[in-house]
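Working notes, beginning with the structure itself.
The values are calculated or read from the model by the stated rules, or taken from the named source; none is laboratory data. These numbers were taken from a predicted model, which means no experiment stands behind them. Heads up, the Cβs are rebuilt from the backbone with ideal geometry, glycines too, and the neighbour counts pull from every protein chain shown. Areas reflect the complete protein model, heavy atoms only, side chains present, ligands, DNA and RNA absent. Shrake-Rupley method; radii C 1.70, N 1.55, O 1.52, S 1.80 Å.
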Amino acid sequence: LEQACAANDEKQKMAFPQQVTVFHGQRPPNITPRQYIERIATYSGCSPCCLVMGMKYLDALRLKDPIYELNSLNFHRLVLTSVLIAAKFVDDFYYSNGYWAKVGGVKVDELNDMETEFLFLSSFNLHVRRAEYDAFVKELQQRAASGAPDPSVLSHGMSRLAINTTTPTGSVGTPWGGSSDGTPHGVTPSGVTPPP
């Protein structure tokens, strides 16, 4: 993911005018894509298949419009939103948007807007057939095994990610680090308790 984001950052620098969506942040977060996905996997309480489904949704969105290729300014918001939507669609139990916003380090109003935008962009087409899901998992595994950076690959390395389905005790902290309050926009994830 880091390689794909860096390559897409270079492509976007050459684009004029630079296109900005609701998913673009003002600056890159102080967390790697891998750390961010691990954070979501650890604290969201979603099933591991939601991570795959989220990547599948992102892949479909990217194919529909290349402006949604992952880069350092949008990966965190696109990944958070797509996995949230997958959890709501697939899992019987999921946490509120307020909780997800704290896990992701964004305002709940922003997450609500991004969720709505993502659903309309995908035409509310969330169902993925089992054969399509299995083929996508195999594709992710092949991408990870090849190790070759591909700027269009938004989920490069996903199958290497060891998804921890157990959650540690304590608060979720913050993905942003570096600032005294820990997150942009005054969000304080330290009050979030991880799922049981």
**Asked** Does ASN112 satisfy the criteria of being open to solvent by 90 Å² or more (accessible area, probe 1.4 Å) and out of contact with any Asp or Glu (no Cβ under 7 Å at 6 or more places or on another chain)?
**Response** no
**Prompt:** Residue check: is ILE40 more than 18 Å from GLU115 (Cβ to Cβ) and either outside any helix (DSSP H, G or I) or open to solvent by less than 20 Å² (accessible area, probe 1.4 Å) (or both)?
**Reply:** no
**Prompt:** What are the pairs, 6+ residues apart or on separate chains, where a residue within region 137-155 that is within 16 Å of PRO66 (Cβ to Cβ) has its Cβ under 9 Å from a residue that is modelled with pLDDT under 50 and surrounded by 12 or more Cβ atoms within 10 Å (Cβ to Cβ)?
**Reply:** ASP150/HIS156
**Asked** Can you pull out the helices (runs of 4 or more DSSP H) entirely within region 84-152 that have at least 1 residues that are in contact with a Pro (Cβ under 6 Å, 6 or more places away or on another chain)?
**Response** 97-104
**Prompt:** So which of SER155, SER146, SER159 ends up being open to solvent by 30 Å² or more (accessible area, probe 1.4 Å), within 16 Å of the chain's Cα centre (by Cα) and at pLDDT below 95?
**Reply:** SER159
